[in-house]
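A.B. asks: Got a structure for you, questions after.
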Amino acid sequence: MEFTVLGSGGNSPTPMPTCDCRVCEEAREKGIPYARRGNSLFVHDEKVLVDAPELVWESLNRESIRAVDYVFLTHFHADHTLGLRVLQPLGMEDVPVTDFVGDPPTLVVSETTSERAIEANEVFSHLTEVWSDVEVLDDGETRAFGDLSVTHLTADIHEDGDGAISGFLFEDGTATAFVSPDENRHFDLDRLPALDLWVKETGYFPETPAGEPLVTEEAAETTLAHEMTFEESLAQVRTVEPGRVVCTEIEELFRRSYDDYKRLERDHEDLNLEFAYDGMRIEL
Ligand SMILES: [Zn+2]
Ligand SMILES: [Zn+2]
């Protein structure tokens, strides 16, 4: 299996407009790998795009990706869906045009994501109706997409039983990879088989590398109460013991530069831990 990280950022990509912090200034000056777009991954084997943040349109061009057959969404949040207009160029008929719509990609989502990201939104309802075929996967369902077998595993984001987050288990007969870029906290890890690769949420850091607080105690107990910390994320890695782990959804809010993550990789060599960066290629 082959993957390209189109965007390794999170809800707060790097650099953030108007921010003059050390990490954003450096990202503006140096670009990739210091700059991080919203979270998105491409699976080359069957031309699967996982998630559609705002700049995915640009990222597909940057990586010279010539075809996308499937678009998987992990959840309804804006930072994973606002780039869905990319369905239009993906499905557009070549000239001379008859009715503009050629061979549209298949949008693969859970029932909850379909309800919350598409049906509840007139813009996305119209867009996906015209520019995609929609397939809804149940929790635990395994389906073949070309030569890839994909199992859909859901979890709650807020412990409310809505199964709002989807993870996708990709298997090609030789390798097994679980892609769950965000909201990993409530995944039932017992459902995972032995993994060659886990592309997972990094989890948040309460402090800068220098020990300055990044969130208040109040935020940790309220706004961030359902979010996982980096330490909790590491505990998940120790439980699952994947052959390789690539941490993504790296928020600007973490106030760490590419070089800081390189240092963190060295600190966690025992876990085969790597941090994603935009353009990163992963081969299994
Ligand atoms: Zn996100
Ligand atoms: Zn900043």
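The values are calculated or read from the model by the stated rules, or taken from the named source; none is laboratory data. All figures in this text were calculated on a predicted structure; none of them were measured in a lab. With ideal geometry, Cβ positions are generated from the backbone for all residues, glycine too; neighbour counts draw on all protein chains shown. Side chains included, ligands, DNA and RNA excluded: accessible areas come from the protein's heavy atoms. Shrake-Rupley method; radii C 1.70, N 1.55, O 1.52, S 1.80 Å.
A.B. asks: State whether the residues of the range 184-191 include one that is within 21 Å of His77 (Cβ to Cβ), modelled with pLDDT of 95 or more and not in a loop (DSSP other than H, G, I, E, B).
C.D. replies: no
A.B. asks: Just one of the numbered conditions (1) within 16 Å of ligand 1 (Cβ to nearest atom); (2) surrounded by fewer than 22 Cβ atoms within 10 Å (Cβ to Cβ); (3) of a type in the set (A, V, I, L, M) is not true of Leu6; which one?
C.D. replies: (2)
A.B. asks: Check Thr222 against each of (1) of a type outside the set (Gly, Ala, Ser); (2) in contact (Cβ under 8 Å) with a residue 24 or more places away in the chain; (3) within 26 Å of Arg116 (Cα to Cα) and name the one condition it does not meet.
C.D. replies: (2)
A.B. asks: From the list Val179, Val134, exactly one residue is open to solvent by 20 Å² or more (accessible area, probe 1.4 Å), more than 16 Å from ligand 2 (Cβ to nearest atom) and among the aliphatic types (A, V, I, L, M). Which is it?
C.D. replies: Result: Val134 is the single residue among Val179, Val134 that is open to solvent by 20 Å² or more (accessible area, probe 1.4 Å), more than 16 Å from ligand 2 (Cβ to nearest atom) and among the aliphatic types (A, V, I, L, M).
A.B. asks: Can you tell me which residues in the range 226-261 are of a type in the set (Asp, Glu) and either assigned to a helix (DSSP H, G or I) or away from ligand 1 (no atom under 13 Å from the Cβ) (or both)?
C.D. replies: Glu231, Glu232, Glu241, Glu252, Asp259, Asp260
A.B. asks: Let me ask something else. Which residues, taken from the range 13-56, are within 16 Å of ligand 1 (Cβ to nearest atom), within 19 Å of Thr202 (Cα to Cα) and not in a loop (DSSP other than H, G, I, E, B)?
C.D. replies: Listed by number, the residues that qualify are Thr14, Arg36, Ser40, Leu41, Val50.
A.B. asks: Out of Pro17, Pro33, Pro53, I need the residue that is touching a His at 6+ places or on another chain (Cβ under 7 Å) and either touching a residue at least 12 places away in the same chain (Cβ under 8 Å) or within 16 Å of ligand 2 (Cβ to nearest atom) (or both). Which one?
C.D. replies: Pro53
A.B. asks: Could you figure out which of (1) touching a residue at least 40 places away in the same chain (Cβ under 8 Å); (2) within 21 Å of the chain's Cα centre (by Cα); (3) part of a loop (DSSP other than H, G, I, E, B) isn't true of Phe124?
C.D. replies: (3)
A.B. asks: For the list (1) within 16 Å of ligand 2 (Cβ to nearest atom); (2) part of a helix (DSSP H, G or I); (3) out of contact with any Pro (no Cβ under 7 Å at 6 or more places or on another chain), I need the number of the one condition that Leu60 fails.
C.D. replies: Of the numbered conditions (1) within 16 Å of ligand 2 (Cβ to nearest atom); (2) part of a helix (DSSP H, G or I); (3) out of contact with any Pro (no Cβ under 7 Å at 6 or more places or on another chain), the odd one out for Leu60 is (1).
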